[in-house]
Amino acid sequence: MVSSATALADNSMPALAHGFDCRICGGVGPFHNYRVREMMFALGETFDYALCPDCGCLQIVTIPDHLSRYYGGGYYSFGSRPVRHSVGAALVRARNRALSGRVDPLGWLVGRFKPYRALASLHSLRLAPDARIVDVGCGSGELLIALQSAGFRALLGVDPFVAHDLDLGGGLLVRQVELRAVPGPFDLVMFHHSLEHIVDPQAALQAAHDVLAPDGHCLVRIPTVSSWAWRHYGVDWCGLDAPRHLVLHSTQSIRLLAERCGFTVRDIVYDADAFQFWGSEQYKRNIALMRPCCNDIVPAPGAFTSAQLRDFARRAERLNRECEGDQIAVYLQRGG
Ligand SMILES: [Zn+2]
């Protein structure tokens with residue numbers, strides 16, 4: 001990622017001279033410092049991030065004291081999303097079955113037109129319906145509900161930032177606790193865009209390792225600076241999401257962290273979508289990503305033509321094929 005630092009040098013503040021060590025590799029710099037605007041709600045605040053020249057990780061320099069104040073009531077992970085009925089509940093169930101690795105030809109077809117990347121990331125794990133799965137930082141449990149509809153029976157959500165424990169029905173619970181507070185073992189621990197929000201990601205990954213069955217898997221989906229979008233958009237890259245994203249990993253730094261926790265890195269798959277384009281373009285134009293009365297993050301009305309959005313989607317797939325998309329799924333296995 002030295003090349004990224006070089007490419008973005010013109011946008012950056014002077015390198016930090018003292019007083020900061022990389023929280024991932026312990027590197028002492030010199031770091032490039034980037035001043036990043038909060039743009040989920042366009043609060044008008046800025047936050048400094050430092051790029052480690054050793055492991056390539058970008059991290060917030062000072063973790064805000066009261067992070068919860070940046071998770072407004074409408075924050076997307078906690079909003080109650082209405083079930084979309086555009087393809088019908090039965091077709092959604094079929095899609096969920098197919099994407100999560102069950103055999104369902106109709107569902108596979110639906111998934112081509114209505115993708116769900118979090119579910120699709122499970123496909124290669126070939127999980128049995130009774131696999132014990134915990135989703136860390138699950139918010140209101142949208143993914144767990146989809147997995148339940150796909151036939152999975154041993155599901156649990158943990159999220160210390162939900163207001164209280166949630167009973168989602170059918171034995172499905174979201175508990176307002178940290179992962180280390182729940183007894184294992186699990187066959188799969190997953191972090192879907194949650195690890196970058198955690199103050200101590202090493203402790204979180206270590207807890208995941210410790211709660212896994214001996215041959216268990218851990219799936220970590222995160223934004224990454226090992227991407228075209230970071231190099232192209234710099235401080236306007238929507239994946240930064242300051243100050244909620246505390247660590248933006250390079251592929252090198254997430255490997256380092258995972259291996260330190262005892263994991264073997266089995267695979268890294270790029271699974272970014274069109275958001276990297278339209279979200280970053282909105283960042284550039286100072287258009288907040290989330291609007292009042294809207295629980296979802298969708299392009300601002302009128303900001304893009306449908307042809308542009310289709311082009312963004314095509315380009316996102318191309319970047320994934322080139323290992324240049326701005327989101328990755330990291331497949332970890334306990335032990336060797
Ligand atoms: Zn580092």
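Any read-out appearing in this document is the output of simple, stated calculations on the displayed coordinates, not a laboratory observation. As the structure is a computational prediction, the values presented were derived from the model and not from experiment. Note that each Cβ is placed from the backbone with ideal geometry, even for glycine, and that neighbours are counted across all protein chains shown.
The table below lists the values:
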{"read-out": "Calculated FRET value between ARG315 and ARG69, using beta carbons and R₀ = 30 Å, to 0.05", "value": "0.30"}
{"read-out": "Residue-wise HN-Hα coupling along segment 213-226, computed from phi with Karplus coefficients 6.51, -1.76, 1.60 (Hz; x: Gly, Pro)", "value": "5, x, 9, x, 10, 10, 10, 10, 9, 9, x, 9, 7, 7"}
{"read-out": "Estimated distance in nm for a label pair at LYS284 and GLU259, the labels positioned 7 Å out from Cα along Cα-to-Cβ", "value": "3.7 nm"}
{"read-out": "Residues HIS232 and PHE41, FRET efficiency given R0 of 25 Å [Cβ-Cβ distance, rounded to 0.05]", "value": "0.55"}
{"read-out": "Rounded to the nearest 20 debye, dipole of segment 253-334 from Cβ charges on Lys, Arg, Asp, Glu", "value": "80 debye"}
{"read-out": "Packing-based ranking, highest mean first, of 149-158, 163-172, 246-255, 197-206 given that Cβ atoms within 10 Å are counted", "value": "246-255, 149-158, 197-206, 163-172"}
{"read-out": "For segment 193-208, 3J(HN,Hα) per residue [Karplus equation, 6.51 cos²θ - 1.76 cosθ + 1.60, θ = phi - 60°, Hz, x = Gly/Pro]", "value": "6, 10, 4, 5, 8, 8, 4, 10, x, 5, 4, 5, 5, 5, 4, 4"}
{"read-out": "Per-residue HN-Hα couplings for segment 161-167 [Karplus 6.51, -1.76, 1.60; θ = phi - 60°; Hz; x = Gly/Pro]", "value": "9, 6, 5, 6, 4, 10, 9"}
{"read-out": "Nonlocal amide H pairs with LEU212, under 5 Å, H built at 1.01 Å", "value": "PHE186"}
